[in-house]
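K.L.:
After the structure tokens below, expect a handful of questions from me.
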Amino acid sequence: MLRYMDPSAIRVIQAEHQALSAMLRSLLMLIDRSQRLRAPPPFDVMRAMLFYIDEFPERLHHPKESDLLFPKIRARRPDLASVFDALDEDHRCGEASARDLQHRLLAYELLGEPRREAFESAAKRYVEQYLRHMSLEESTVLPAARAALLPEDWHDLNVAFEANRDPLAGHDPSGEFAPLFRRIVDTAPAPVGLG
Ligand SMILES: [Fe+2]
Ligand SMILES: [Fe+2]
């Protein structure tokens, strides 16, 4: 839940979670639609979506959680060690999982029907696992952070998280990523896009 007085680091984390869940849900909708119509999915937009997931959350969001936010809470909440161990492990495997899914998508695109099922089932597992991860952060980590961290902790975290420039979380797309962002929004189904 978004609270009015939350530090900006928490607001950035929640906005990025929302952007990422919208992207993941749109990916599943593209798969469902392709199954319903018995037609190939739009590979170009799916590639763009997986590239986005690999590029922004894996390189900006997760490292800041694991490197900056989690250690501060861990230090004050040893009872949550197993939760943080599990979340850190997800972060550690995140890039490899995103790459694996991109490879399975490419295999489906280039080799066709024999590789469809492997991609679709991996994509569903990936999305479920990712949504579970973010929901654990929201239900356990953010409340613990609100209760345990001090103003000086928040200062460092706010600076670090505000430096994220994720276009799907409401920032203007920077030059390099503007075409990718436009392509996803123009062609993906709701909730992320207009297509
Ligand atoms: Fe995370
Ligand atoms: Fe997160």
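The values are calculated or read from the model by the stated rules, or taken from the named source; none is laboratory data. On a predicted model such as this, the values are computed, not experimentally measured, just so you know. Note that we place each Cβ from the backbone using ideal geometry, even for glycine, and neighbour counts take in every protein chain shown.
K.L.:
Could you list, in sequence order, all residues of the range 37-87 that are among the aliphatic types (A, V, I, L, M) and in contact with an Asp or Glu (Cβ under 8 Å, 6 or more places away or on another chain)?
P.N.:
60, 68, 87
K.L.:
Looking at residue 34 and the list (1) under 23 Å from residue 13 (Cα atoms); (2) free of Cβ contacts under 8 Å to residues at least 40 places away in the same chain; (3) in contact with an Asp or Glu (Cβ under 9 Å, 6 or more places away or on another chain); (4) away from ligand 1 (no atom under 13 Å from the Cβ), which single condition is not satisfied?
P.N.:
Unmet condition: (1).
Table: residues versus (1) assigned to a loop (DSSP other than H, G, I, E, B); (2) over 30 Å from residue 155 (Cβ atoms).
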{"position": "16", "(1), (2)": "no, no"}
{"position": "25", "(1), (2)": "no, yes"}
{"position": "35", "(1), (2)": "no, yes"}
{"position": "41", "(1), (2)": "yes, yes"}
{"position": "45", "(1), (2)": "no, yes"}
{"position": "50", "(1), (2)": "no, yes"}
{"position": "54", "(1), (2)": "no, yes"}
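K.L.:
Only one of 15, 19, 48, 9 is closer than 19 Å to residue 106 by Cβ, crowded, with 18+ Cβ neighbours inside 10 Å and touching a residue at least 40 places away in the same chain (Cβ under 8 Å). Can you tell me which?
P.N.:
48
K.L.:
Residue by residue through the range 61-104, note down the ones that are away from ligand 2 (no atom under 15 Å from the Cβ), basic (Lys, Arg) and within 21 Å of residue 24 (Cβ to Cβ).
P.N.:
Within the range 61-104, 99, 104 qualify.
K.L.:
Out of curiosity, is residue 67 over 15 Å from the mean Cα position of the chain (by Cα) and touching a residue at least 60 places away in the same chain (Cβ under 8 Å)?
P.N.:
No.
K.L.:
Mind checking which pairs have a first residue in the range 124-139 that is at pLDDT 95 or above and a second that is away from ligand 1 (no atom under 14 Å from the Cβ) and not β-branched (Val, Ile, Thr), Cβ under 7 Å, 6 or more apart or different chains?
P.N.:
124/28; 126/101; 127/27; 127/28
K.L.:
Looking only at residues that are among the aliphatic types (A, V, I, L, M) and within 13 Å of ligand 1 (Cβ to nearest atom) in the range 13-23, which one is nearest to residue 126 (Cα to Cα)?
P.N.:
Among them, the one singled out is 20.
K.L.:
While we're on this one: Please work out which one of (1) surrounded by 14 or more Cβ atoms within 10 Å (Cβ to Cβ); (2) closer than 18 Å to residue 94 by Cα is the condition residue 59 fails and give its number.
P.N.:
That leaves (1) as the condition not met.
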